[in-house]
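See below for the structure under consideration.
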Amino acid sequence: MYALILAMLLPFSSTVSDLTVKVSGCKTQKGQLYIALYDNKDLFPVFGKQLRGEIVPLSKGQQFTFKKLRHKAYAIAVFHDLNSNGVLDKNPLGIPLEPYGFSRNARNTFSAPSFGQASFTHSKTQTISITVR
């Protein structure tokens with residue numbers, strides 16, 4: 001009896017769903033997009049320390065779908081690797097030379113936004129848009 005009730009309620013209590021990230025602002029189709037998904041404020045936005053990350057060739061489009069993500073808070077960092085060297089190039093002062101962006105299009109003048117500024121709650125299948133500049 002309990003198994004039947006649980007089976008009936010299970011479709012209504014899904015705790016995972018897909019998240020599609022659409023990136024705009026790329027001025028060229030050269031290079032690739034690095035899309036990094038974070039769930040830890042202490043690691044955001046360090047590329048290489050993300051929960052999940054994807055490299056998307058621009059020839060294949062400007063979006064990626066993270067499948068079956070748990071419902072909770074996340075933040076995303078994206079950069080357009082123009083020269084395909086695998087790193088966000090910066091000048092001697094540490095200012096990025098390649099286009100980048102964050103979820104909620106959060107942006108600070110002299111530093112990356114905090115996890116709180118860029119975070120959002122993922123609770124259903126959704127699409128978010130990020131503009132790189």
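If you take just the strands (runs of 3 or more DSSP E) that sit entirely in the range 8-59, which of them hold at least 1 residues that are modelled with pLDDT of 95 or more and surrounded by fewer than 18 Cβ atoms within 10 Å (Cβ to Cβ)?
Because the criterion is at least 1 residues that are modelled with pLDDT of 95 or more and surrounded by fewer than 18 Cβ atoms within 10 Å (Cβ to Cβ), the strands (runs of 3 or more DSSP E) in the range 8-59 that meet it are 16-24, 52-57.
Anything in the range 104-116 that is without any contact (Cβ under 8 Å) to a residue 40 or more places away in the chain and either part of a helix (DSSP H, G or I) or hydroxyl-bearing (S, T, Y) (or both)? List them, or say none.
Correct list: R104, N105, T109, S111.
Looking at F79, F120, F110, can you tell me which residue is surrounded by fewer than 19 Cβ atoms within 10 Å (Cβ to Cβ), aromatic (F, W, Y) and under 14 Å from the mean Cα position of the chain (by Cα)?
Criteria check complete, one pass: F120.
The values are calculated or read from the model by the stated rules, or taken from the named source; none is laboratory data. Only a predicted model underlies this, so the values are computations on that prediction, with no experimental measurement involved. A quick note on method: Cβ atoms are made from the backbone with ideal geometry, for glycine too, and the neighbour counts reach across all protein chains shown.
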